[in-house]
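What follows is one structure encoded as structure tokens, with my remarks underneath.
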Amino acid sequence: MNRFVPTLLVTTGLLFAAGTAQAALPDEATLYKNPQCGCCDAYARQLEALGVDVTIVDNVPVGEVKERAGLPYGLGSCHTIEMGEYVIEGHVPFAAVEKLFEERPDTDGIGLAGMPIGTPGMPGPKQDDWNVYQFRAGEAQPFMTL
């Protein structure tokens, strides 16, 4: 068999999977942040590059948004996103966001505590594993590690 055919089939499969993952994302999201936070704006721009229309809200108390969302204490970040039926807390890598919308688990949302270097919106190279958690009613459990 020609070696080109299997390579072509694998490449086509990977491209189809990538397109399917992006298609699973909602069309719109609302990002709540502090008005002075530039990394949140960078995250929004990268999310928009995936085809999501992002509305930025920077005139509400972000702590109240996090409390209303049921975010676990101590696992917050600089911004909170409402997207579809879920909440995304912080600079969650897009592979985790795509997995959330592909699998649609029974959870309130996912998050990544702090502002890890190298995540979407944060400059610099990745330094450590990113432990993305899922949460429901203020309780966290592991979702995935990247």
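Numbers below:
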quantity: Matching residues, segment 103-146, being touching a Gly at 6+ places or on another chain (Cβ under 9 Å) and among the β-branched types (Val, Ile, Thr); calculated: 117, 119, 132
quantity: Looking only at segment 103-128, and only at residues there that are among the acidic types (Asp, Glu) and at pLDDT 95 or above, the one that is surrounded by the most Cβ atoms within 10 Å (Cβ to Cβ); calculated: 108
quantity: Selected residue [in contact (Cβ under 8 Å) with a residue 24 or more places away in the chain and touching a Phe, Trp or Tyr at 6+ places or on another chain (Cβ under 6 Å)] from 56, 110; calculated: 110
quantity: Residue within segment 53-67 that is in a loop (DSSP other than H, G, I, E, B) and in contact with a Leu (Cβ under 8 Å, 6 or more places away or on another chain) present; calculated: no
quantity: Qualifying residue in segment 50-69 (condition: under 12 Å from the mean Cα position of the chain (by Cα) and either closer than 22 Å to residue 146 by Cα or at pLDDT 95 or above (or both)); calculated: yes
quantity: In segment 74-102, residue surrounded by the fewest Cβ atoms within 10 Å (Cβ to Cβ) [restricted to those that are among the aromatic types (Phe, Trp, Tyr) and in contact with a Gly (Cβ under 7 Å, 6 or more places away or on another chain)]; calculated: 101
quantity: Subset of segment 25-39 (residues that are under 21 Å from residue 108 (Cα atoms) and buried (at least 16 other Cβ atoms within 10 Å of the Cβ)); calculated: 25, 29, 31, 32, 33
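The values are calculated or read from the model by the stated rules, or taken from the named source; none is laboratory data. Since we're looking at a predicted model, the values are computed, not measured. For neighbour counting, all protein chains shown are included, and Cβ atoms are generated from backbone atoms with ideal geometry for every residue, glycine included.
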